[in-house]
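A short worksheet on the structure shown next.
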Amino acid sequence: MPVMTYREALRSTLREELLRDDDVFLIGEEIGVFEGSYKITAGLLTEFGEKRVRDTPIAETGFVGAAIGAAMLGLRPVVEIMTINFSLLALDQIVNHAAKIYGMFGGQTSVPMVIRTPGGGGQQLGATHSQNIELYYAFVPGLKVVAPSTPADAKALLLAAIRDDDPVLFLENLALYNSSGEVPDDLGPAEIGRAAVTREGTDITVVGYSRMAAVAHEVADQLAESGISAEVVDLRSLRPLDRDTIVASVRKTGCAVVAEDDWLTYGIGAEIAATISDGAFDYLDAPVRRVAAAEVPLPYAKPLEQAALPSADSLVTAVRETLAAVGRRR
């Protein structure tokens with residue numbers, strides 16, 4: 001089975017879809033001649049030309065709006081916003097237009113577009129370039145929001161997003177671009193809205209998405225050395241949210257920790273904790289614990305930045321404290 005990086009999986013999937021469907025085109029800042037800030041679109045302008053790989057001015061509102069119009073007329077644009085932080089400049093287009101056109105027009109037209117955008121800290125890019133603000137979009141009905149953590153899921157979910165008739169926000173974490181994993185040649189589209197139990201366990205459920213789903217695997221391996229069996233649930237999709245898979249896992253293990261890269265207050269983890277309370281309260285042996293970023297604008301200084309971000313160590317501590325509270329200390 002081929003092994004590729006997360007970056008390579010995204011690029012090969014974009015190429016595959018450009019070849020498969022003439023209605024697919026790419027649009028965004030510096031994606032053509034410069035080949036993208038993170039080289040996801042490397043070589044695609046040369047192969048497909050300016051009609052299919054369209055460089056834009058630094059004007060997020062403008063090119064996101066243009067993509068919405070193109071999607072309404074039957075094309076399938078894949079927008080690249082350089083970082084999720086810059087998506088705030090197109091918030092009205094995304095939230096008040098892309099998400100609402102299908103419903104407001106009574107289903108007469110859909111908006112089959114994808115907005116790819118990376119986020120996350122740890123790269124010393126400063127507070128305004130290092131945010132995890134996916135909650136803003138996961139909050140909005142009419143949008144689909146996906147956050148793959150592996151190269152295989154990056155391919156499968158991008159295939160699904162491009163072929164979906166609804167607008168999809170496709171989240172990429174900068175820390176994942178160089179991660180690698182097996183990607184089957186015959187891998188097809190994933191089901192948007194379906195979480196994955198990526199590691200079976202019996203003692204505790206660890207729920208994460210994007211980078212923190214990868215960290216959860218690392219932690220599960222570490223905990224196994226001391227006899228703790230952690231089950232890992234990778235959300236993969238934030239809207240729709242697969243509540244059934246989360247609840248079923250916690251009903252089995254009786255304990256849960258939720259790990260996220262965004263801030264604790266009002267974060268994705270709060271929704272997961274509420275979901276567990278609603279669906280698995282009688283099965284819980286301990287309160288749901290949450291691991292998240294410090295409630296500060298992310299510092300630029302490397303030691304402070306690392307201290308503010310959730311880590312494997314903080315997740316291990318949360319798991320051990322949860323199990324210790326119910327007498328499962330190891």
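Would you pick out the residues in the stretch 291-302 that are open to solvent by 80 Å² or more (accessible area, probe 1.4 Å) and over 15 Å from G126 (Cβ atoms)?
Passing the criteria: only E295.
So for the stretch 299-318 (the condition being more than 26 Å from D221 (Cβ to Cβ) and touching a helix residue (DSSP H, G or I) at 6+ places or on another chain (Cβ under 9 Å)), does at least one residue qualify?
Yes, because at least one residue in the stretch 299-318 is more than 26 Å from D221 (Cβ to Cβ) and touching a helix residue (DSSP H, G or I) at 6+ places or on another chain (Cβ under 9 Å).
Going through the stretch 51-69 one residue at a time, which ones are open to solvent by less than 20 Å² (accessible area, probe 1.4 Å) and either without any contact (Cβ under 8 Å) to a residue 24 or more places away in the chain or closer than 16 Å to D164 by Cβ (or both)?
A67, I68
Scan the stretch 186-218 residue by residue and report those that are more than 22 Å from the chain's Cα centre (by Cα) and open to solvent by 40 Å² or more (accessible area, probe 1.4 Å).
Once the filter is applied, which keeps residues that are more than 22 Å from the chain's Cα centre (by Cα) and open to solvent by 40 Å² or more (accessible area, probe 1.4 Å), the stretch 186-218 yields D186, T202.
Out of the strands (runs of 3 or more DSSP E) lying entirely within the stretch 5-94, which hold 3 or more residues that are aliphatic (A, V, I, L, M)?
Output list reads 24-28.
Would you pick out the residues in the stretch 150-159 that are open to solvent by 10 Å² or more (accessible area, probe 1.4 Å) and not acidic (D, E)?
T150, A152, K155
Within the stretch 99-109, does at least one residue satisfy the condition of being within 26 Å of E134 (Cβ to Cβ), touching a helix residue (DSSP H, G or I) at 6+ places or on another chain (Cβ under 6 Å) and surrounded by 16 or more Cβ atoms within 10 Å (Cβ to Cβ)?
no
Conditions: (1) out of contact with any helix residue (DSSP H, G or I) (no Cβ under 6 Å at 6 or more places or on another chain); (2) touching a residue at least 40 places away in the same chain (Cβ under 8 Å); (3) under 26 Å from T128 (Cα atoms). L75 meets all but one. Number of the miss?
(3)
Being open to solvent by 30 Å² or more (accessible area, probe 1.4 Å), among the hydrophobic types (A, V, I, L, M, F, W, C) and in contact with a strand residue (DSSP E or B) (Cβ under 9 Å, 6 or more places away or on another chain) is the filter here; which residues of the stretch 70-98 pass it?
Scanning the stretch 70-98 gives L75, M82, F86.
Residues in the stretch 219-254 that are over 20 Å from the mean Cα position of the chain (by Cα), touching a residue at least 40 places away in the same chain (Cβ under 8 Å) and either surrounded by fewer than 24 Cβ atoms within 10 Å (Cβ to Cβ) or closer than 13 Å to E200 by Cβ (or both): how many?
Of the residues in the stretch 219-254, 10 are over 20 Å from the mean Cα position of the chain (by Cα), touching a residue at least 40 places away in the same chain (Cβ under 8 Å) and either surrounded by fewer than 24 Cβ atoms within 10 Å (Cβ to Cβ) or closer than 13 Å to E200 by Cβ (or both).
Mind checking which pairs have a first residue in the stretch 180-191 that is over 20 Å from A214 (Cα atoms) and in contact (Cβ under 8 Å) with a residue 24 or more places away in the chain and a second that is hydrophobic (A, V, I, L, M, F, W, C) and part of a loop (DSSP other than H, G, I, E, B), Cβ under 8 Å, 6 or more apart or different chains?
D185/M1
The values are calculated or read from the model by the stated rules, or taken from the named source; none is laboratory data. Note that the structure is a prediction, hence the values are computed from the model and not measured. Virtual Cβ from ideal backbone geometry, glycine too; neighbours counted across all protein chains shown. Accessible surface areas use protein heavy atoms only, side chains included; no ligands, DNA or RNA. Shrake-Rupley method; radii C 1.70, N 1.55, O 1.52, S 1.80 Å.
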